[in-house]
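For reference, the structure is listed below as structure tokens.
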């Protein structure tokens, strides 16, 4: 049984059909790269995996449990297991780094104040962010904000992490730091989906890839098995031959 199973996922916004029939699976401990042109609906799928978007139809299972049709309160235990690392970090501007990362621990655990502080400081250390705990987000570079957002996502020790463009706009040094963090989490058995346009990062950390095109998965499989020859879906994506909205030229 796959740890994440998306089957016949359909989603429209008004008259705009974003997903016609999306199906894929991710095994426990795997990292799957979810690729596609801008506007192809990659982030829509990630948000649906934690209940922030509602599919029009289809099935989404997490560890064998169907999530389609769950009420908001029923998503709470799932969100403790499935973390979302937002593209821009999505930090609370008025909170310090310590307060931002502490927030999910205060909401979802019974740890005392000292235990929370120790866990936050350890997470910051693991991500090379020691000494930032008293800073506000505005004092941080874009790369540091992304890493703080990632720290907040992983502080609950989730079983699944959904990465939304984690390396977008980063310099090579910070990109490698993010790659290393993803690999470290994989070594702990974390299952993940990486939405990205950063092909070097995708090839560096992913076990397999799935490419969205025209509302469906146009190609998927282990990286070693994917057809990267000229004219194939992977080649056309890498070489910019898939339109921004995810449809064929």
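Throughout, read-outs are computed from the coordinates displayed, never taken from laboratory work. All figures in this text were calculated on a predicted structure; none of them were measured in a lab. Cβ atoms come from the backbone with ideal geometry, glycine included; neighbour counts cover every protein chain shown.
If each DSSP helix of 4+ residues adds -39,500 (n - 2.57) and the sum is divided by the residues in the chain, what number results at 222 nm, nearest 500 deg cm²/dmol?
Details: 8 runs with 82 residues, N = 249.
Per the formula, -9500 deg cm²/dmol.
Calculate the spin-label point distance for residue 139 paired with residue 75, positioning each point 7 Å from the Cα along the beta-carbon direction, and give it in nanometres.
3.3
Calculate how steeply helix 113-126 sits against the longest principal axis of the alpha-carbon atoms of the chain, using the helix alpha-carbon long axis, and give the answer as 0 to 90 degrees to the nearest 10.
The answer is roughly 50 degrees.
Would you kindly state how much longer the chain becomes between residue 188 and residue 224 on full extension, computed as 0.36 nm times their sequence separation minus their alpha carbon distance, in nm to one decimal?
10.7 nm
Using alpha carbons only, how many degrees (0 to 90, rounded to 10) separate the axis of helix 97-108 from the longest principal axis of the chain?
On a 0 to 90 degree scale, this one is about 80.
Relative contact order of the chain, please, whole-number percent, based on alpha carbon pairs below 8 angstrom and at least 6 residues apart.
Relative contact order here is 28 percent.
Please work out which option in [x] 7, 30, 35, 17, 6, 4, 2, 0; [y] 7, 31, 35, 21, 5, 0; [z] 7, 32, 39, 19, 3, 0 gives P(r) over Cα pairs in 10 Å bins from 0, in percent calculated from these coordinates, and answer with its label.
Computed from the coordinates, P(r) over Cα pairs in 10 Å bins from 0, in percent corresponds to [y].
Can you tell me the length gained on complete extension of the stretch residue 66 to residue 106, counting 0.36 nm per residue apart and subtracting the Cα distance?
Residue separation times 0.36 nm, minus the Cα-Cα distance, leaves 11.6 nm.
Can you give the angle from 0 to 90° between the axis of helix 142-154 and the longest principal axis of the chain, with both taken from C-alpha atoms, to the nearest 10?
90
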